[in-house]
Each structure stands twice: as C-alpha cells, then as structure tokens.
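The structure under discussion appears below in the form of structure tokens.
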Amino acid sequence: MLFNSLEFLIFFPLVTLLYFALPLRGRWILLLVASSIFYMAFIPKYVVIIYATIVIDYVAGIYIERSTGARRKAFLVMSLCANIGVLAAFKYCNFLIENVDLLARMLGLGMPLRPLDVVLPIGLSFHTFQAMSYTIEVYRGRQPAERNFIVYALYVMFYPQLVAGPIERPQNIIHQFYVEHPFDPDRVERGLKRMLWGMFKKVVVADRLAVIVGAVYAAPRVQPGPALVLATVCFAFQIYADFSGYSDIAIGAADVMGIDLMTNFRQPYVSRTVSEFWSRWHISLSSWFRDYLYIPLGGNRVGPVRRRLNLLFTFLVSGLWHGASWTFVIWGGLNGLFLIVESLLLDTRSRTVRPSRWGMVRTFALVTVAWVFFRAQSVTDGWHIVRHLGSDWGTLRSASAVRTLLAGAGTDPSHLAIALVGLAVMCAADAWAARHDSDVVTLADRTGSIRRWVTYYGVALGVTFLGIFGRQQFIYFQF
Amino acid sequence: MGGRTSPSVAQDGTELPAKVRRPIEGLATSAVEHPIQTVEKRRVSVLVASRRQFWRKLGLFLLPFATFFSFPLLVLGWSSELLSARWIAALHLRAGQDALYGAAYSNPDKAYKLESIRLHAAPIVAVGTSRVMQFRANFFRGGEATFYNGGGMVARLWDYRIALSHVPAHGPTRYLLVGVDPWMFNAAWSGSTPDAGVEQDYAGNGNALDTLQHSARVYTDYLHGKFGLRQLFGAVDRFGVNAMARNNGFRHDGSYHYADVPADVGERLGDTLDRIRTRTRRFEAGETLDPVAMVELGRLLRTARERGLIPVVFLPPFAPAVSAALRVSPAHGYMHRVAPAVSAACTAQGVAFFDASDCKQDGCADEEFIDGFHGGEKTYARLLVRMAASVAFLNAHVDSAALHARVAAAPPGPSL
C-alpha cells in the first residue's frame, strides 16, 4: 500500500483509532494484522517469505542467547545465511546469471542461461537488514532475545517502516511496543504534521521532478547536454524529496501511535564535505553498514591504507545493496572514492580543508555526478550522460529553444514552475531547519498561530491541488 | 481511548503509594478532596481539554477539504471510477453482456485491458490503440470464448512489449491481432520515445487520489450538464461516468461502443483532415522512418514468439477521404514507407502482415467511419474476412461467408 494513496488515507486513521481503543496485547495483534495487510497490498504471496524469515530469526535469537561458543556463532551464521539467502535468491540471482552468461559468451562457451522469472519483493533489503541487526545484536549480547513472537514479528513488520525504513535497531524499538502509549494530542498532531510535510515533498516535489527525470533518462542519447544537466540535478532533488518524504511519513505515522523511529535524513544537501553528506543521508543504512560491516572489518583501528580499502569495500557493498546492477556498484564505488580522496586531502593538508559554501556546492556536484549512475538504466547510458553534460549549451539561445528543450524533457514551463516552487519551499525549509539544528515541524510550531495555520493550509492545498498522484512509486521500494 | 489511567497509577506511569492511593480510590465516598485528588483531576481535565482542542483543530482543518471533496467523492465513488483496474475488470466480467465501462475522470485502461485479457482467457486477442477497438467477439465462432479485444491498451510502440510481458506466457491466449499505427514509426511524433512510467500503468498501480484531483472538473461538468445525478443513480450495468451518462465505453468483449457519433460524415472526418492539414496530433510531418522504432518492432515480434504467441500484424484503416488526403500530402512522406518496412520486418520473422490503411480495396466507405482514423464495425468485419482468407487460425475461427453476409445486410453507418 502506498502512503500517497486513497487506500492509505482510509487505512491509517482506521488502524490508528483502533490502536488507541485496544489494550496493549490487542494493539500488537492489530498492528501485525495491519502490517500484513499493508504489505500484502503489493504482492500478497511474498508475505510468506517475510514470515518465514521472521520465524527463522525469532528461533535463532532464542538459541543464540541460550548457546555459547561455536554453537552460538553457528546459530548466528544460520540466521544470516537465511536472510542473505533470500536476498540472493530474489535480488542477486539474475544479476549473477546475466554476468555468468555474458562471461560465457565472451569466452565462446555456448551455454545460454535464462534469467529466473522472479519479482523482487517490495522492501526486501530493508526488512532483511532490520532482521539481521536483531540477531547480530543478540549475538553481541546487546539485546535480549525476544520471547514474544508477535512483538518480534512486529519489530520486522511494523508497517510505517516496513518497506523503506528507517532500518531500525532492536534496542530502539522493541521496548516501545511494550508501552501502552496513551492518546497524546500533541504527539498525534506533531506526527500528522510530519506526515503532511513528507507528503508535500513526495507528491509536489519528487513526483513532479520525476516526470523530467523519467523522460530524459529513458532515452538520454537523444537529449542535449542542458537537458541531461537539468534531469540530473532534478534527480538529485527527486531522490531526496522522495526518500526523505517517505521517511517523514513513516516517522510521523509511528509518532502518532507514540512510537519513536530513528531520524533518517538531516538536510544532507547542506553538507560541506562528502563524509558529512553520508552522516546526513539515509542515516539508518549508513549506520547499519558502519556498525555491522565497516567496524567489524577493522574500522578506524587499522592502518590508513586498509582503512580506505575498507571504506571502498563498504560503499561497493552499499551500492550492491541498492540494486543488483553494475550502475549501483559504480555509484557506491564513486562515493567511496570521493571519501578516500577527501580523507587523503584532509591528511595531507593537516585538516586545513575548511568547510565553506564552496564546499557545499562541490559536495552537491560530486554527489550528483554519482547519482547519474544510480539513475541510469545502464552503465553505458550513465557514461554517455556524464560525458555529454557539457555538450550543446550553445543551442540555448532563444525562448523557443528553451521550450523545445523542456518539451523534449517531458515538461512545459508551467509544470516546471510548480516543481521549482515546490523545490524552493523544500530547500528553504531545509535551510531553516539546518540553521536551527532542528526539524521543520518543530520550527513551524514555534511560529505564531496565524502563520502556522497559513503554513499548514498552504502545504495541504499544495499536496491536494499541485501534487501528482499518478503512477510514481517511492524510489526506494525497489530496494 | 488509550489514555486510561488506573486510579492507583499516576499520569506519568509510576504507582502511587498506598496512603495516597486509598483516598483517590474512595473518591465516590469521600466528602473532602485530598490534594493529590485535586492534582489528578486537574491533570485529567487538562488532558480531556487538550484532546477536545485537538479534535476541534483537526475538524476545523479538514472541514474545507471534506466539504469540497464530498460531491466528487459521491460521483466518482458511485460510478466506480475510484476502483482499481483489477476490480473494474472483475466487475465488468461478472456483469451482463450489455455492460459498459467508460471512465471520464480516471484512466486505468491499460491495466483494465490487461486484467480483462487474463480473466477472459480467450485464445485470440486484438492488441493496439483505439484503432483496433472495433473487432467484435461476435465476428468469431464461439464469441467471447474465442476472442477478446484488448484495443486501447497501448499508446506507443514500446508499450506493446511491456504489455505482452504481462500476458501469461504459453497461457490460454495463443494468437494476437496486432494493430500498429503509422505515426509510431515517425520520429517527429511526440510519442516516438518510450514512456518511462508506463510499466506502472500496466501493473495497475493507478491511484484513486489521482482521479480525485479532477474534482474541480466534476463540479464544472455537472454544472454544464455533462452528467446528471439521475443518470448516474439510474444506470444499470454501467461503470464510469462516461458510460453512465453518455453510454460510451468498453463492451463486455473489450470492443468500444460509441454513442456520440455525429450523423454528418463531413463532421466526422473534419477533425482528422484538419490534423493532416495542421500536421498535429499524431499527423506530424515526417519524411523518413524512425530506425529505432523499426528495431523495436522486431523486438516486439520476437517477444511475442518467445511467450508462445502467434502475431498477425496489420495497419488499421483510414477513411477513404483521409487516405486520399495523406496520399497527396507533401508533409507525410514517411506514411508511404511504413507498410513496406513493416511488411519486411514481419516477413523476416515469419509473421503475417496486412496493410489495411487504404481500405477502399475492401469496399469500405467514409460513412462507415466513426472519424477519419477510426473505422466502424463494418470496416473491421471486412478486414477480418480478408485476414481469415490467408491466415489458417483465423480461418478456423471465423465464418467468413456469414460475416460477409452480415456486412452486406447491415444498414448504412459504422455499426454492424
């Protein structure tokens, strides 16, 4: 079920009202049933897969806690293998087949391999990583094994964050399910406002920009350089508005029910270095990779060469996490390389690379170039786009040339104007929040009542009449 | 509601000491209030007040939206336009043979047709744009058990392959009548590039909120008398405002019922001739064929074969007056190159091809066209007879003599 759908507009208040009407145990069952319905609205049969991994991890958690030594490790490995196995089967199997097939053809071996006819379950990478964080934390002794199956299932299935995160840790969320949160009007109001803001980002900004990005990236070879630049910059903001919008709706929906989810984005485009960007972008995933991959590989405790290799490896894996394609691997690799170069510069200049406004522009440019490969349909498309970003700028000499360019990019001046106004509102709000080191909703609530009502009515009217509720899914659903 | 607090538990969740607890529990019998009781009562009253204020604020915030959307919700909800394509396809299938589905504010046609193809499970299916929608199931032996019209499920050449990838491979559907439009091979046409999000349309991920965004138009249409509430509430076996109010829509067999065809032939053809003159709206000027489109046609035919489907490709008919205008148009040179190129592509893959764009050879006339580029049932019946004469599977499923006789006996106009 999409957050930006009529179904969710009915589902959410209904579940929330029932939630507050029920005692604690009733709430668990309600949330689990609701989460299953939410998930099954996409592809019903895949709920079997998620429940199968839930059962495996639930049992594994208990046995990890009970066991010691090699047995303890064996149960952890079993759980990790089950989760990674599901990921491999649904997400990476065809990638492997395609590459083996390509290699075989290059070597002249006549063994045509056909890709499997499987559809990737929605949000598989998210709930698999969340499940893995549970068994790892139990293994590390930082989280007691959850004995209540329904509560554990809820940890994985909790619908606001089920399909696109934030990827939670058991320490942050499981204990919250044991509290009978009262109906707190302030909290409910705050959550609803956050959901509204997230919806604005999604349907007014992201989905309008998506029209331009989709048209240009569908056939980049027929597009001139200015259109490629326009679409690439639009994609940088589209993916941010889309994903942070989803996170806002998820965090807001959980907040309404009295449950705190972790922050996932902190105005990443105000970052002045790439490393700062990664401390502000998709925080729940970045910290997952830091805690469960980068640090176990040696983290910052090893020598500089090894540390940088670990960093690169972590980002390559992160790229692969996003999608089974070389484009994602390149995207991850580019980000890893940017971080390595940045750390080399910091080392050689004795940390004299001071953050500046120029740093913000440079970071945005670097991150955006990497996004090209994230969005491109193939490596060759991505490379073509990067090489032609500077081409054909001389053709933009008249208003009619600009109109032709926009038409080729699937847009027109009025559509673009609405998208840009939405974008400006989002960026201004983000800059405001970054300046006060707070979030938009908290800051808006500090303003006078008339200004506040005007703001929220403005946002709601924007969502209702300027939003696009057509065919765009949330980008991160595919991961 | 969930904010229930036991009298023995303070608002912050801590248990009260027994001494404090007792007087509160004895609230009903105690004459004098303990200070803790007063604090608790005040807390509860503050909470109740803040909850009341919350509901008041929420109500006030939502009231204008609820007021504005209530009428469109009623209209769109009652007419089934808020339902998903899957639901509509299932409801239409279960409804009577005369049922029509014609939406005015939503556009789930792609997913609706795809789902209907799956549900009907007919061995022969027509696919294409609105220009194949006049093949009727009653042209075939076995009626709907033999044929379903998937016309209207594609808009661009790239859409066919995506649509076919959703038709069950090696399933009940075996034969395809694939109508392709000449402008699909014109690089200057605005639809000559793939539509990035079309996959979502076929997946049926339409959004009812998208339909609700047409709410303002629902009001203006109602005020302009385009539909009335009596028409809506009195309609039987009709889904969608267009079907309920205007009797336009897809029939049970997937073909399209046009209720608003003007009687005057000149009026019917005028718009198409105007498009040719102004070189707009599918009739954009073009001299050469788009090589990318030709490659895509080859991929489409291969995909069909790989999925166990046998395609027969055809160029749908233009009204004779329109054909004549295109023949002499200096701006549409590519049109003359389409048939030979498509024919060559089909021959290369062993696929039968029919060029019906100039249907005069079949004996058609302007008066049997709905507009300049949408033939009527009579035109398509003739085309089917012609195809059945040389395609074995069609010959087995079409009683050509009977169909020919029906065409001959039909009254003037597009209908059969």
Next on the checklist: Please pick out the residue among A:Phe38, A:Phe3 that is in contact with a helix residue (DSSP H, G or I) (Cβ under 8 Å, 6 or more places away or on another chain), away from chain B (no Cβ under 13 Å) and open to solvent by less than 50 Å² (accessible area, probe 1.4 Å).
Outcome noted: A:Phe38
Next on the checklist: Please go through the stretch A:283-306 and give me each residue that is buried (at least 18 other Cβ atoms within 10 Å of the Cβ) and either in contact with a Gly (Cβ under 8 Å, 6 or more places away or on another chain) or farther than 30 Å from A:Ala433 by Cβ (or both), ordered by number.
Outcome noted: A:Ser284, A:Leu285
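In the stretch A:25-46, what residues are modelled with pLDDT of 90 or more and β-branched (Val, Ile, Thr)?
Residues of the stretch A:25-46 that are modelled with pLDDT of 90 or more, as a first pass: A:25-40.
Listed by number, the residues that qualify are A:Ile29, A:Val33, A:Ile37.
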Item to check | Qualifying residues in the stretch A:167-190 (those that are in a loop (DSSP other than H, G, I, E, B) and over 14 Å from A:Met262 (Cβ atoms)) - the one most open to solvent (accessible area, probe 1.4 Å) | outcome: A:Tyr178
Checklist entry - Which of the following residues is in a helix (DSSP H, G or I) and over 24 Å from A:Ala424 (Cβ atoms): A:Ala250, A:Ala164? => result A:Ala250
Checklist entry - Restricting attention to the stretch B:129-158, which residues are open to solvent by less than 30 Å² (accessible area, probe 1.4 Å), in contact (Cβ under 8 Å) with a residue 60 or more places away in the chain, touching a helix residue (DSSP H, G or I) at 6+ places or on another chain (Cβ under 8 Å) and not in a helix (DSSP H, G or I)? => result B:Gln134, B:Phe135, B:Phe140, B:Thr146, B:Phe147, B:Tyr148, B:Asn149, B:Gly150, B:Gly151, B:Gly152
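If you take just the strands (runs of 3 or more DSSP E) that sit entirely in the stretch B:302-379, which of them hold at least 1 residues that are open to solvent by less than 10 Å² (accessible area, probe 1.4 Å)? Working first, answer last.
Working: elements: B:310-315, B:352-355, B:369-371.
Strands (runs of 3 or more DSSP E) meeting the threshold: B:310-315, B:369-371.
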Checklist entry - Here are some residues: A:Val55, A:Val15, A:Val59, A:Val47. Which one is within 14 Å of chain B (Cβ to nearest Cβ) and part of a helix (DSSP H, G or I)? => result A:Val15
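Restricting the stretch A:413-472 to residues that are β-branched (Val, Ile, Thr) and within 14 Å of chain B (Cβ to nearest Cβ), which is surrounded by the most Cβ atoms within 10 Å (Cβ to Cβ)?
Narrowing the stretch A:413-472 to residues β-branched (Val, Ile, Thr): A:418, A:421, A:425, A:440-442, A:447, A:450, A:454-455, A:459, A:463-464, A:468.
If we keep only those that are within 14 Å of chain B (Cβ to nearest Cβ) too, we end up with A:418, A:450, A:454-455, A:459, A:463-464, A:468.
On the way: A:Ile418: 19, A:Ile450: 8, A:Val454: 12, A:Thr455: 18, A:Val459: 21, A:Val463: 22, A:Thr464: 19, A:Ile468: 24.
Among residues in the stretch A:413-472 that are β-branched (Val, Ile, Thr) and within 14 Å of chain B (Cβ to nearest Cβ), the one surrounded by the most Cβ atoms within 10 Å (Cβ to Cβ) is A:Ile468.
Which of the residues spanning the stretch B:194-231 are among the polar types (S, T, N, Q), within 8 Å of chain A (Cβ to nearest Cβ) and open to solvent by 50 Å² or more (accessible area, probe 1.4 Å)? Don't jump to the end; show me each part of the working.
At the first step, the residues of the stretch B:194-231 found to be among the polar types (S, T, N, Q) are B:200, B:205, B:207, B:211, B:213, B:215, B:220, B:231.
Still in the running and within 8 Å of chain A (Cβ to nearest Cβ): B:200, B:205, B:207, B:213.
B:Gln213, the sole residue that qualifies.
If you go through the stretch A:62-74, how many residues are open to solvent by 40 Å² or more (accessible area, probe 1.4 Å) and part of a helix (DSSP H, G or I)? Please lay out each step first, then the result.
Going residue by residue through the stretch A:62-74, those that are open to solvent by 40 Å² or more (accessible area, probe 1.4 Å) are A:63, A:65-66, A:68-74.
When the remaining residues are screened for being part of a helix (DSSP H, G or I), the result is A:63, A:65-66, A:69-74.
The number of residues fulfilling the criteria is 9.
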Item to check | Condition check for A:Ile29: open to solvent by less than 20 Å² (accessible area, probe 1.4 Å), of a type outside the set (Ser, Thr, Tyr), assigned to a helix (DSSP H, G or I) and away from chain B (no Cβ under 14 Å) | outcome: no
Item to check | Residues that are surrounded by 22 or more Cβ atoms within 10 Å (Cβ to Cβ) and either among the small types (Gly, Ala, Ser) or within 12 Å of chain B (Cβ to nearest Cβ) (or both), drawn from the stretch A:193-203 | outcome: A:Lys193, A:Gly198, A:Met199, A:Lys202, A:Val203
Checklist outcome for this item: Sole miss for B:Thr193 among (1) of a type in the set (S, T, N, Q); (2) touching a helix residue (DSSP H, G or I) at 6+ places or on another chain (Cβ under 7 Å); (3) within 21 Å of B:Ala85 (Cβ to Cβ) is condition (3)
Item to check | Extreme residue, nearest to the chain's Cα centre (by Cα), among residues of the stretch B:49-75 that are loosely packed, with under 12 Cβ neighbours inside 10 Å and more than 10 Å from chain A (Cβ to nearest Cβ) | outcome: B:Ser70
Checklist entry - Given (1) touching a Lys or Arg at 6+ places or on another chain (Cβ under 7 Å); (2) of a type in the set (Val, Ile, Thr); (3) surrounded by fewer than 17 Cβ atoms within 10 Å (Cβ to Cβ), where does A:Ile340 come up short, assuming only one miss? => result (3)
Next on the checklist: Residues that are open to solvent by less than 20 Å² (accessible area, probe 1.4 Å) and closer than 27 Å to A:Ser244 by Cβ: does the stretch A:142-151 have at least one?
Outcome noted: no
Checklist entry - Looking at the stretch A:285-326, which of its residues are over 22 Å from A:Leu366 (Cα atoms) and assigned to a helix (DSSP H, G or I)? => result A:Trp288, A:Asp291, A:Tyr292, A:Leu293, A:Tyr294, A:Gly299, A:Asn300, A:Arg301, A:Pro304, A:Val305, A:Arg306
Next on the checklist: For the stretch A:46-60, check the following and say yes or no: at least one residue is open to solvent by 40 Å² or more (accessible area, probe 1.4 Å) and more than 25 Å from A:Ile173 (Cβ to Cβ).
Outcome noted: no
Checklist entry - Does the stretch B:166-176 include one or more residues that are in a helix (DSSP H, G or I) and either closer than 30 Å to A:Ile122 by Cα or within 14 Å of chain A (Cβ to nearest Cβ) (or both)? => result yes
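Which of the residues spanning the stretch B:232-243 are open to solvent by 80 Å² or more (accessible area, probe 1.4 Å) and either in a helix (DSSP H, G or I) or in contact with a His (Cβ under 9 Å, 6 or more places away or on another chain) (or both)?
Within the stretch B:232-243, the first condition is being open to solvent by 80 Å² or more (accessible area, probe 1.4 Å), and the residues that meet it are B:233, B:236.
Residue satisfying the conditions is B:Phe233 alone.
Can you tell me which of B:Ala187, B:Ala259, B:Ala263 is modelled with pLDDT under 95, within 14 Å of chain A (Cβ to nearest Cβ) and not in a helix (DSSP H, G or I)?
Values: B:Ala259 fails: within 14 Å of chain A (Cβ to nearest Cβ); B:Ala263 fails: within 14 Å of chain A (Cβ to nearest Cβ).
Of the residues listed, the single one that is modelled with pLDDT under 95, within 14 Å of chain A (Cβ to nearest Cβ) and not in a helix (DSSP H, G or I) is B:Ala187.
What helices (runs of 4 or more DSSP H), lying completely within the stretch A:376-479, carry at least 3 residues that are of a type in the set (A, V, I, L, M) and closer than 26 Å to A:Ala164 by Cβ? It would help to see each step written out before you state the result.
Numbers: elements: A:379-388, A:399-408, A:413-435, A:440-445, A:449-461.
Hits in the stretch A:376-479: A:413-435, A:440-445.
Regarding the stretch A:212-226, can at least one residue be identified that is within 20 Å of the chain's Cα centre (by Cα), aliphatic (A, V, I, L, M) and either within 23 Å of A:His282 (Cα to Cα) or open to solvent by 10 Å² or more (accessible area, probe 1.4 Å) (or both)?
Yes - at least one qualifying residue is present in the stretch A:212-226.
The values are calculated or read from the model by the stated rules, or taken from the named source; none is laboratory data. Bear in mind the structure is a predicted one, so any value in this text is a computation, not a measurement. Ideal geometry is used to build each Cβ from the backbone, glycine not excepted, and the neighbour counts take in all protein chains shown. Please note that ligands, DNA and RNA were not included when accessible areas were found on the heavy atoms of the full protein model with its side chains. Shrake-Rupley method; radii C 1.70, N 1.55, O 1.52, S 1.80 Å.
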